[in-house]
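Data first, discussion second: the structure below is written as structure tokens.
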């Protein structure tokens, strides 16, 4: 079966691609250059796609920085370097980002006659984004069945979020089992041009804690 895999270049999406390959999916990796301040992650995505055997890797441009509204797409908003308050959605949330990405993936999946979309939503060790919850994934899949020719003809495209209920340490262990080289991934929200992480943002804190909990050395390159 063909599958479109959303690939950011970070730890989670790399693991998702490895899991899809283990399931013998023919994987078409999709990354978006959406005006993110950490666009260096796209170089990591290219490395990951090649290392994990994606059939094809596409980078699509859609400039969400024209709207702003997030620390990831508006350089005038600082990336927070303190843990978020419980229940608060941080300023690194990009409005409707996953909906936009999944919609583009859905269009490509129809063209490819792919039966699945895989993406790295996580609702355990994550930043509290509303579009990373199981209810959201299920709702998007229902919408996809209604909105596509494939769905109407009885071939609905499934949306898979295989790590959504995993803790970061479990995700890392799964990736290591599958041979993922996490040193080539970039998770940091403000990585420099060499891909080196700040070590202070939410993404860095969650990632570093995950390696510690997994009991393995953190291969991340820090500034």
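The values are calculated or read from the model by the stated rules, or taken from the named source; none is laboratory data. Keep in mind that what you see is a predicted model, and the values were worked out from it rather than measured. All Cβ positions, glycine included, derive from the backbone under ideal geometry; neighbour counts span all protein chains shown.
Table for the structure above
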quantity	calculated
Condition met for residue 177 (out of contact with any helix residue (DSSP H, G or I) (no Cβ under 6 Å at 6 or more places or on another chain) and within 27 Å of residue 39 (Cβ to Cβ))	no
Options 137, 111: the member that is modelled with pLDDT of 95 or more and either touching a helix residue (DSSP H, G or I) at 6+ places or on another chain (Cβ under 8 Å) or surrounded by 17 or more Cβ atoms within 10 Å (Cβ to Cβ) (or both)	137
Check on residue 92, closer than 26 Å to residue 208 by Cβ and assigned to a helix (DSSP H, G or I)	no
Among (1) under 17 Å from the mean Cα position of the chain (by Cα); (2) over 18 Å from residue 23 (Cβ atoms); (3) surrounded by fewer than 18 Cβ atoms within 10 Å (Cβ to Cβ) - the single one residue 209 does not satisfy	(1)
The range 150-161, subset touching a residue at least 24 places away in the same chain (Cβ under 8 Å) and more than 16 Å from residue 139 (Cα to Cα), residue surrounded by the fewest Cβ atoms within 10 Å (Cβ to Cβ)	155
Matching residues in the range 32-52 - criterion: being within 14 Å of residue 193 (Cα to Cα), in contact with a strand residue (DSSP E or B) (Cβ under 9 Å, 6 or more places away or on another chain) and either in a helix (DSSP H, G or I) or touching a residue at least 40 places away in the same chain (Cβ under 8 Å) (or both)	41, 42
Meets criteria (touching a helix residue (DSSP H, G or I) at 6+ places or on another chain (Cβ under 7 Å) and surrounded by fewer than 16 Cβ atoms within 10 Å (Cβ to Cβ)) for residue 99	yes
Hits in the range 192-206 - residues which are assigned to a loop (DSSP other than H, G, I, E, B) and either surrounded by 22 or more Cβ atoms within 10 Å (Cβ to Cβ) or within 17 Å of the chain's Cα centre (by Cα) (or both)	195, 201
The one condition in (1) closer than 17 Å to residue 12 by Cα; (2) not in a helix (DSSP H, G or I) that residue 81 fails to fulfil	(1)
Flag if residue 128 is farther than 24 Å from residue 3 by Cα, surrounded by fewer than 19 Cβ atoms within 10 Å (Cβ to Cβ) and touching a strand residue (DSSP E or B) at 6+ places or on another chain (Cβ under 7 Å)	no
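To keep it simple, each residue is scored yes or no on (1) part of a loop (DSSP other than H, G, I, E, B); (2) in contact with a helix residue (DSSP H, G or I) (Cβ under 8 Å, 6 or more places away or on another chain); (3) modelled with pLDDT of 95 or more.
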| site | (1), (2), (3) |
| --- | --- |
| 144 | no, yes, yes |
| 155 | yes, no, yes |
| 166 | yes, yes, yes |
| 172 | no, yes, yes |
| 190 | yes, no, yes |
| 208 | no, no, yes |
| 213 | no, yes, yes |
| 219 | yes, yes, yes |
